[in-house]
């Protein structure tokens, strides 16, 4: 994943993109994203016309649809303020995939401008705001799952650094940690057998270290893993990184 | 369930085959990363450099290919161009016929797999012996390679011992050393009897006309020592600008392929036997194979031609490891094959293999290990986009239409409604719904409870609280 050179941050205004999955399933993760950005001193706007980043259509190969949805997203998140995304893969869709899907289109510059303003949430906290220590405490044994769309981005280091500052949070090593959990958007339904086998391996590897929670900057991966574990009859407690940071702050206050 | 061909193949795969692949790839992955980490402090920098070196040659192929041809001719090599695999076959079978030999030795070459060369030579009554041990086993079994570096990665040594026993190469014995000795003994006479030897080419330098051939078994060298005529078959993309590009490319190729620092043999062949050389082929031919490669040059998927055939992308690919190379129905399996496979089929044949690009989660593991920095996930997405644009049947199988999603995602009022009404999903027996997509998901996974609308309501109430 290529991260473009981002515009320098001016002021404290940010636009939050919560991701369609947080909109539909994980409202508490979206709430936590708002709260930690405010705690970090940001003025947070959450445009109510936001829908989806368009990645589903990108991976499905339907780039006409992808461009339509991305155009809508660019319109909703217009203006100079940074776009902070509560999902590594949606962020990558906007800063890496959109410029590919818009090659040769007259509004490519609009998407390139959006790309230069787009940040994954922890990348923004760590590298735009310069937060290197997250004060708080949370007593838990946790696995960090790095979504594949954060490969080669600053998100992985940011998640690790922010978690490392939380008192009581023990990060566990998992075998084959870098391997994909097999979700892959439409892949999960066009290749259900392979996707499931990959998901079962991931869930088995993660559960082998008996974590209290599985943390990620991407709810899509966690939703897939929890879904796989659910059919196998296993508990699989998942937490968005924003929830972990918020809960740690609250724990620190007590 | 209307699922894709690769998935159907994977679900029927023998568990012993899957275990063999898992063990084989795990070993190479570990050796590769160990050697690279020990030797290079800035591997990504090297991968980028190697990618630029390869891309430079490809972007200027119109200059380097004729230059390579001139140097080869200066060195006494006869150069042939084959626009298609069929033409390459005509050229090679013509040369073999003219030589009068009945036996040809062959070392490993993926381009020759594109021609199905050994079988086609057998058709004209010539025994074309595969001398790479893995390829030799493939030939005994009338099988096809399932990996570009380790062709029999899908077999166990028991399978190999069985094949040897069946084909009169001694009683069953699965000791690898015994197997290797038996193959050696069998091949030795063939090497001496062969009038023609056929090799691939890992690189051809436009600067010097040198042909680089990498092997671990010395079989290419033995072939050259025994034969009168050497035919090297190479895709046109194998041309590199300069000899001094070789150290970088060979270093990354071998480490990425096997985790070795150098392969047991690296031949640098600069022409047929000279007057001062006591042995070696007196005639040398290079056959440049195009077969739709020139259509890829300069296009949106041009980086795929950088590939130096190390196999690291397939070793690391979880989809490849679940499905085996044979699931890819062609010469090139794994991530590189999902792009190269359909593209090498040309305009008319693209649709036959367009579904291969669907066999990826776009996880990017392949792109991370590629020694020439091919942006594989981006190229896979591009092939998908072309497949969708052209409406290929194989590529579209099992892919849900984006129509409804597109409508809702472009109309925020509809989207907010959908978020609220999505809660009906909490009450539907989703696993039983007679929808392909629904069954494909719910057979092995659950879905969390739909909570659309809650966040937006919280946001509104919070805002009102602040405003008041």
*Determine, yes or no, whether residue A:85 is in contact with a strand residue (DSSP E or B) (Cβ under 6 Å, 6 or more places away or on another chain), surrounded by fewer than 20 Cβ atoms within 10 Å (Cβ to Cβ) and not assigned by TED's automatic domain parsing to the domain that holds residue A:223.*
no
*Is one or more of the residues making up the stretch B:288-305 buried (at least 19 other Cβ atoms within 10 Å of the Cβ) and out of contact with any helix residue (DSSP H, G or I) (no Cβ under 8 Å at 6 or more places or on another chain)?*
no
*Would you mind telling me which numbered condition in (1) touching a helix residue (DSSP H, G or I) at 6+ places or on another chain (Cβ under 7 Å); (2) more than 11 Å from chain B (Cβ to nearest Cβ); (3) surrounded by 17 or more Cβ atoms within 10 Å (Cβ to Cβ); (4) touching a residue at least 60 places away in the same chain (Cβ under 8 Å) residue A:156 fails?*
(4)
*Could you list, in sequence order, the residues of the stretch B:353-365 that are within 10 Å of chain A (Cβ to nearest Cβ) and either closer than 17 Å to residue A:63 by Cβ or in a helix (DSSP H, G or I) (or both)?*
B:354, B:355, B:357, B:358, B:360, B:362, B:365
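For (1) farther than 23 Å from residue B:71 by Cβ; (2) crowded, with 22+ Cβ neighbours inside 10 Å, each residue gets a yes or a no:
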position	(1), (2)
B:205	no, yes
B:218	yes, no
B:241	no, no
B:266	no, no
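Residues checked against (1) within 20 Å of residue B:322 (Cβ to Cβ); (2) surrounded by fewer than 24 Cβ atoms within 10 Å (Cβ to Cβ); (3) at pLDDT below 95; (4) more than 10 Å from chain B (Cβ to nearest Cβ):
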{"position": "A:209", "(1), (2), (3), (4)": "no, yes, no, yes"}
{"position": "A:225", "(1), (2), (3), (4)": "yes, no, no, no"}
{"position": "A:229", "(1), (2), (3), (4)": "yes, no, no, no"}
{"position": "A:237", "(1), (2), (3), (4)": "no, yes, no, yes"}
{"position": "A:245", "(1), (2), (3), (4)": "no, no, no, yes"}
{"position": "A:248", "(1), (2), (3), (4)": "no, no, no, yes"}
*Can you confirm whether the stretch B:259-270 contains a residue that is part of a loop (DSSP other than H, G, I, E, B) and free of Cβ contacts under 8 Å to residues at least 40 places away in the same chain?*
yes
*Odd one out for residue A:168, checked against (1) within 24 Å of residue B:369 (Cβ to Cβ); (2) more than 11 Å from chain B (Cβ to nearest Cβ); (3) not in a loop (DSSP other than H, G, I, E, B)*: (1)
*Among the residues of the stretch B:277-296, is there at least one that is in the same structural domain as residue B:115 (by TED's automatic domain parsing), without any contact (Cβ under 8 Å) to a residue 40 or more places away in the chain and within 29 Å of residue B:96 (Cβ to Cβ)?*
yes
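Hand me the list of helices (runs of 4 or more DSSP H) wholly inside the stretch B:387-445 holding 3 or more residues that are more than 43 Å from the chain's Cα centre (by Cα) and facing chain A (nearest Cβ under 8 Å).
Once the helices (runs of 4 or more DSSP H) in the stretch B:387-445 are filtered for at least 3 residues that are more than 43 Å from the chain's Cα centre (by Cα) and facing chain A (nearest Cβ under 8 Å), what remains is B:412-421.
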_Given the criterion touching a strand residue (DSSP E or B) at 6+ places or on another chain (Cβ under 7 Å), buried (at least 18 other Cβ atoms within 10 Å of the Cβ) and either touching a residue at least 24 places away in the same chain (Cβ under 8 Å) or not assigned by TED's automatic domain parsing to the domain that holds residue B:308 (or both), identify the matching residue among B:194, B:150, B:183._
B:194
_Please go through the stretch B:329-338 and give me each residue that is more than 8 Å from the chain's Cα centre (by Cα) and crowded, with 24+ Cβ neighbours inside 10 Å, ordered by number._
B:338
*Can you name the helices (runs of 4 or more DSSP H) wholly within the stretch B:8-115 that have at least 3 residues being over 23 Å from residue B:127 (Cα atoms), at pLDDT 95 or above and touching a strand residue (DSSP E or B) at 6+ places or on another chain (Cβ under 7 Å)?*
B:61-74
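Table: residues versus (1) modelled with pLDDT of 95 or more; (2) over 20 Å from the mean Cα position of the chain (by Cα).
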{"residue": "B:280", "(1), (2)": "no, yes"}
{"residue": "B:287", "(1), (2)": "yes, yes"}
{"residue": "B:290", "(1), (2)": "yes, no"}
{"residue": "B:301", "(1), (2)": "yes, no"}
*Number of the exception - residue B:192 against (1) in a helix (DSSP H, G or I); (2) closer than 17 Å to residue B:132 by Cβ*: (2)
_Tally up the residues in the stretch B:153-174 that are under 30 Å from residue B:308 (Cα atoms) and either assigned by TED's automatic domain parsing to the domain that holds residue B:311 or outside any loop (DSSP other than H, G, I, E, B) (or both), please._
3
*Working only within the stretch B:366-378, note down all residues that are surrounded by 24 or more Cβ atoms within 10 Å (Cβ to Cβ) and at the interface with another protein chain (Cβ under 10 Å from one of its Cβ atoms).*
B:377
*Counting only residues that are more than 8 Å from chain B (Cβ to nearest Cβ) and closer than 26 Å to residue A:134 by Cβ, give me the helices (runs of 4 or more DSSP H) lying completely in the stretch A:1-95 with at least 3 of them.*
A:27-39, A:88-92
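The values are calculated or read from the model by the stated rules, or taken from the named source; none is laboratory data. No experiment lies behind these values; they were computed from the predicted model shown. We place every Cβ from the backbone using ideal geometry, glycine too, and count neighbours over all the protein chains shown.
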